[in-house]
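Asks: Sharing a structure with you now.
The values are calculated or read from the model by the stated rules, or taken from the named source; none is laboratory data. Remember, predicted model here, so these are calculated numbers, not experimental data. Using ideal geometry, Cβ is built from the backbone for each residue, glycine included, and neighbour counts are taken over all protein chains shown. The accessibility values were calculated without ligands, DNA or RNA, using every heavy atom of the protein model including side chains. Shrake-Rupley method; radii C 1.70, N 1.55, O 1.52, S 1.80 Å.
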Number of protein chains: 6
Amino acid sequence: MNVPLNNLGVVKRNIVRADRAAVEKLARFGAATIHEAMGRVGLFKPYLRPIYPAAQACGTAVTVLLQPGDNWMLHVAAEQIRPGDVVVAAVTAACTDGFFGELLATSFKARGARALVIDGGCRDVKALTAMGFPVWSRAISAKGTVKATLGSVNIPVVCAGALVHPGDAIVADDDGVVCVPRAMAATTLAAAAKREANEGDKRAKLASGVLGLDMYGMRQPLAAAGLRYVD
Amino acid sequence: MNVPLNNLGVVKRNIVRADRAAVEKLARFGAATIHEAMGRVGLFKPYLRPIYPAAQACGTAVTVLLQPGDNWMLHVAAEQIRPGDVVVAAVTAACTDGFFGELLATSFKARGARALVIDGGCRDVKALTAMGFPVWSRAISAKGTVKATLGSVNIPVVCAGALVHPGDAIVADDDGVVCVPRAMAATTLAAAAKREANEGDKRAKLASGVLGLDMYGMRQPLAAAGLRYVD
Amino acid sequence: MNVPLNNLGVVKRNIVRADRAAVEKLARFGAATIHEAMGRVGLFKPYLRPIYPAAQACGTAVTVLLQPGDNWMLHVAAEQIRPGDVVVAAVTAACTDGFFGELLATSFKARGARALVIDGGCRDVKALTAMGFPVWSRAISAKGTVKATLGSVNIPVVCAGALVHPGDAIVADDDGVVCVPRAMAATTLAAAAKREANEGDKRAKLASGVLGLDMYGMRQPLAAAGLRYVD
Amino acid sequence: MNVPLNNLGVVKRNIVRADRAAVEKLARFGAATIHEAMGRVGLFKPYLRPIYPAAQACGTAVTVLLQPGDNWMLHVAAEQIRPGDVVVAAVTAACTDGFFGELLATSFKARGARALVIDGGCRDVKALTAMGFPVWSRAISAKGTVKATLGSVNIPVVCAGALVHPGDAIVADDDGVVCVPRAMAATTLAAAAKREANEGDKRAKLASGVLGLDMYGMRQPLAAAGLRYVD
Amino acid sequence: MNVPLNNLGVVKRNIVRADRAAVEKLARFGAATIHEAMGRVGLFKPYLRPIYPAAQACGTAVTVLLQPGDNWMLHVAAEQIRPGDVVVAAVTAACTDGFFGELLATSFKARGARALVIDGGCRDVKALTAMGFPVWSRAISAKGTVKATLGSVNIPVVCAGALVHPGDAIVADDDGVVCVPRAMAATTLAAAAKREANEGDKRAKLASGVLGLDMYGMRQPLAAAGLRYVD
Amino acid sequence: MNVPLNNLGVVKRNIVRADRAAVEKLARFGAATIHEAMGRVGLFKPYLRPIYPAAQACGTAVTVLLQPGDNWMLHVAAEQIRPGDVVVAAVTAACTDGFFGELLATSFKARGARALVIDGGCRDVKALTAMGFPVWSRAISAKGTVKATLGSVNIPVVCAGALVHPGDAIVADDDGVVCVPRAMAATTLAAAAKREANEGDKRAKLASGVLGLDMYGMRQPLAAAGLRYVD
């Protein structure tokens, strides 16, 4: 990559997005399933929470790097949004300010964005809930931000501990947010489908009273590890 | 002010409340709008959260200073409540105990209080939700408190980082809690109304696809700051 | 007790559970009332929160000690569950991983478990909500766990600051989680009933405008403590 | 006060400082003693910690209100410093950035400042330690800040939960930071001296084996409160 | 145990302390070694930190249960201290107040106490350092506490997540605090000695360049687990 | 990059390290200067702190991805260390366990490692201090870890919010930890040298009483931004 990570003052216009069809299919799976299907990588830290219950979103990442207390770059990012995108906003230092609210959501939605994932705060929760525009944020705060200092758009960012390249697929729900690197969208989709297929069978067995101890064949390894039963 | 801040063992009976009519009108605006209208001051720290979704309240402050683990002064405060008040309770040290529950809420409500903002914990969430008595708190905890040590009522307090004088206007919703000093209620009201008037127009433009970059005239200052677009 | 606290690699099969009838009656009271009735002991730290609103549970404890990032012992615990149990899972170090999700919940439910209280993370919130299987956890995280290292089942554990012996009664709701030691179930029940009986009367008085200051006879002790009223 | 709290974009040049002689005498007492002498008010939250052990400072407050990630106002404040001042910097939202380092410390020291108390981060710890310029901060961070947005200087601020007016006396040591309102400097001094006089005597008694139970006459009130001794 | 956990208002006078000779020998080992020797149980949460570097202590526990913001029971505990004891203080809710300072330390030292472990705050750090009286605390705060509400002394307590019975052995150093149940002092001592004997040999091998991979025979299990080396 | 981020179970043996001579020269600058010279990118979150004061280190990164509570991969990493390396260990979920202590430090040192940066806990602080082996960690904890689950070595990792590729240069001191991407070592060195050259001059001016307001030409932009001076 020629653009150094976290480089400031740059907007990349032409990004390659993960395959649209694959992304739409990823939307059928939850973040937990995707995370497993990825081999347990790509998860955002769990302090990011949806601003309303049962929020769900899936799309391709437009990335933003913000400065603490400054949302200027979100306006710059709006222009780069295409239908089906999810904006992923990192901040150079932990900040709970309300970087995003109803007006920006209106603009993002008009541009076709499906959601925002932000390692900062959000406000106008009531209006965003009414609009059905989901946000995963680290805080909710009425405090607005200034527009004074450059960050960047569509560079690789680390957001809540996850590395996100522009165009990666983002899957988010009540359980959290996962990033699927663009090149892994298809294989992840296949792995998720396979995993979910198995789950139905397992669920039925467990519901009938079969124990995981038996279904997964755990009794022998537990004994080998030294587990002892006492009365 | 003659009463020193955080002075212990004092109850001020006669406080001057913000103009009733102005406060009622403030209730039409959200905490985020009020915070902007105030010039971005007066916000409580965002760790205060409503105990149930979509809570909203507006009123004049009766202030309380509590000791950790001790809610004696909330009983003293109850007597000072007048219809339309919001009780604002600071604690001398961070404490998550459940200082407030159904019985006190019943009493506060009977006295005409509209809400409680407390830099401590709250309990009886189910009952408070059923009663429709909103509380913004730093925690929810079943742990009760003792009644052993004096604090004060209706002195200036610092609650969750915000300075509140008795009689100030308090606006609280899903986005947080803001204090409008008594003397600023009218000007804040005017500023909020003006701000909200502008927002409708902006919202419509953004919804139609106009970018904030153009609507706010940001392209030139961004270029001046050195923003560069790459492909 | 012969089994040392937090001993690793042990499963105790025969535990003595708190009296079933008493436990069912405890379910009529909230965690806050039980905590008071216990003499204000037995409360789990308030950072444990229910994964959905209005969750409520009451049952006898099956205890588990987990290693960080490892949920092997939850599978072992499933076999020890009897109808009416609540699983209480401690972790040897703070960890937000999603130790528990839909499959384990299906198994636990099939065994008769009523809830999980875990000093770690939980996932599959949407499915658990749909199933009506309540969990009190310190976090929600899509991140799964391994099955590699022994912990124990049905030993005394410290979970979120509360000491729990297998068979103790657990009461959990929106206000938090309380442990009632097995031997105290009956006396706690009596104390809770008595307390609640008093509350109805108090509530009515307070609702009619009587002040706690008068109802509880606080004016004299407040004056003795030095409280002074100023104008 | 005519200048509203947290007003942005204002520098007050003429402030009335606490009496120099009283402040110098306050320096003989620790923060804990001063806090007691004040009647247990005026303490900054304990998350503020000195950047090196055994730091101690006492002086008159020059106050600053900063924006997150922006230290512009510290440069503005430098001009307002007079010998014997302690700069107290609040931030409009929690931020760990390194707002202050060696160069600013050099400037502050040249102007006669004795210390900085900042509800944000600090950097250049090695150099500041070598210079002997003490800082109480909420974090240490190598991350620098921009100079883009106005805050204010010498307005009343809430810093780490404490209300500070310009000219108030600040006492800081290993135990924390206390603000003594200008008008209370003399009475606080007297109370601190009285308190410390008593402490020598108490210390000698306790060192000789006398119990606080007897020295403070606690046995009777403990018994009255219901304390019971068992074997 | 007849005294219920966390029972309030009780002082147990006659406690059985861990064998003095064994405790003295435990003092030769660090907290990490003891924790390993115990089978990795009994550790206090790592948020407890010594108030000065290189602090070290070992002794028998006198336990205290405090209320938030109230240190009355520390005075009651002083009378129960015997030479060689370490006071372990739990608090019914998280609180950073300075429950303990120079005067109490003087009294504790005069009674023969070697250290304090407290799940709350401490003050007078400078004086305690000068006295060489070590404290492990969750915070340092100049804020004093009241003496108004009963707790207990010498009941089992949960302190920073560790269950401690009066008379248990406590080992504390820079790495943290461990509780060795009274009945396990001798076996722990033996296990610690054995462990440390092995460590010298291991240290020498590793210092000479031998890899843990070879010394511990890890290459085969790593390969079996699927580890693959790439160029 | 062919190896996906955070891929589990992989050890990359041949990594390209940043130019040795450039890295040695970087060691002359502090983390704050390097962070500035990099354009304010590459900083680890400030919750990583050195385990002893005045720690300093500079070297090339050997990266490790650990599982919570499991330090197996640190042993695998030891073999990949070459003289002048700094080991950078990420963990798949936040964990304070003591992953690293005296024995591993002995091994790392024997292999030529200069330091460890770990997004987890560390133990044996006393011994590590005596050895002069610096560690930057998120916690100190006596709790050891298991060796049961694969992670990876020398893959790109996100550690405390910073993206680190194997072979990148790491600079760490009292102010924090910075990662200089391998390809940027030379330019960063040049920028740091230039920056430091300027600082000497600035320092002298500020020490002589010149204000930053004048030295940086801030008066005009402050006035333009609306700053007003009042008396």
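Asks: Report the relative contact order of segment B:73-174, percent, no decimals, based on alpha-carbon pairs under 8 angstrom and at least 6 residues apart.
Replies: With pairs under 8 Å counted, the relative contact order is 29 percent.
Asks: May I pose another question? As a quick test, which of the pairs D:K143/F:K194; A:K45/A:K143; C:K45/C:K194; A:K109/D:K143 have an alpha carbon distance above 28 angstrom in this structure?
Replies: A:K109/D:K143
Asks: Here's a follow-up. Taking A:K147 as the anchor, which lysines have their alpha carbon closer than 18 Å to its alpha carbon, excluding any fewer than eight residues away along the same chain?
Replies: B:K202, D:K147
Asks: Once E and D are treated as a pair rather than alone, how much accessible area drops out, both sides summed, in Å² to 100, probe 1.4 Å?
Replies: 3100 Å²
Asks: Among all the aspartates and glutamates, which ones have a C-alpha under 12 Å from F:K126's C-alpha, if same-chain residues fewer than 8 places away are not counted?
Replies: Result set, ordered by chain and number: E:D173, E:D174, E:D175, F:E102.
Asks: Let me ask another. Each residue of segment E:128-138 in order: what ³J(HN,Hα) in whole Hz does its phi give by Karplus 6.51 cos²θ - 1.76 cosθ + 1.60, θ = phi - 60°, with x for Gly and Pro?
Replies: 5, 5, 4, 6, x, 9, x, 9, 9, 9, 8
Asks: Could you derive backbone 3J(HN,Hα) for segment D:144-155 from the dihedral phi with the Karplus parameters 6.51, -1.76 and 1.60 (θ = phi - 60°), listing whole Hz in sequence and x where the residue is Gly or Pro?
Replies: x, 10, 8, 10, 9, 10, 6, x, 9, 10, 6, 10
Asks: Could you list the residues of segment B:61-100 with an amide nitrogen less than 20 Å from a label point located 7 Å from the Cα of B:A27 in the Cα-to-C-beta direction?
Replies: B:61-63, B:80-89
Asks: Taking F:K25 as the anchor, which aspartates and glutamates have their alpha carbon closer than 14 Å to its alpha carbon, excluding any fewer than eight residues away along the same chain?
Replies: Reachable aspartates and glutamates: F:E196.
Asks: For the protein assembly as shown, with all protein chains present and a 1.4 Å probe, just round the carbon and sulfur fraction of the accessible area to a whole percent.
Replies: Within the protein assembly as shown, the accessible surface is 53 percent carbon and sulfur.
Asks: Only bridges whose two residues both fall in chain E count here: according to DSSP, what percent of them are antiparallel, nearest 5?
Replies: If I count the DSSP bridges inside chain E, around 50 percent turn out antiparallel.
Asks: Pick from A:E199, A:E36, A:E102: which is most flexible by mean-square fluctuation in a GNM of chain A where alpha carbon atoms under 10 Å apart are linked?
Replies: Looking only at A:E199, A:E36, A:E102, the largest GNM fluctuation is found for A:E199.
Asks: Give me the 1.4 Å probe accessible area per residue for segment B:1-113, excluding ligands and nucleic acids, in Å².
Replies: 30 Å²
Asks: Looking at the square roots a ≥ b ≥ c of the eigenvalues of the Cα gyration tensor of the protein assembly as shown, which shape do they give, rounded for a/c under 1.5, prolate if a/b is larger than b/c, or oblate?
Replies: Rounded is the answer for the protein assembly as shown, as its axis ratio a/c remains below 1.5.
Asks: Quickly work out the A:M131-to-A:A207 label distance, labels modelled 7 Å from Cα along the C-beta direction, and quote it in nm with one decimal.
Replies: Modelled inter-label distance: 3.9 nm.
Asks: Right, next: What list of ³J(HN,Hα) couplings, whole Hz, do you get for segment F:88-105 from phi and the Karplus terms 6.51, -1.76, 1.60, once you set θ to phi - 60° and write x for glycine and proline?
Replies: With the stated coefficients, segment F:88-105 comes to 10, 10, 9, 10, 5, 8, 3, 7, 9, 3, x, 5, 9, x, 4, 5, 5, 5 Hz.
Asks: Something else about it: Considering only protein heavy atoms, what is the solvent-accessible area of C:R138 at a probe of 1.4 Å, reported in Å² to the nearest 10?
Replies: Around 80 Å² of this residue is reachable by solvent.
Asks: Just the accessible area for F:Y216, please: 1.4 Å probe, Å², rounded to the nearest 10?
Replies: Answer for F:Y216: close to 80 Å² accessible.
Asks: Something else about it: Note every residue of segment E:150-176 with a reduction of at least 40 square angstrom in accessible area, all protein chains present versus the isolated chain, computed with a 1.4 Å probe, or write none.
Replies: So the qualifying set is E:L150, E:V158, E:L163, E:D174, E:D175.
Asks: Quick check: the distance between the Cα centres of segment A:151-171 and segment E:5-83, to the nearest angstrom?
Replies: Taking the Cα centre of segment E:5-83 as reference, the centre of segment A:151-171 is 48 Å away.
Asks: Name the residues of segment E:133-157 whose amide N is less than 16 Å from a point 7 angstrom out from the Cα of E:R82 along the C-beta direction?
Replies: In segment E:133-157, the label zone of E:R82 (backbone N under 16 Å from the point 7 Å along Cα→Cβ) covers E:154-155.
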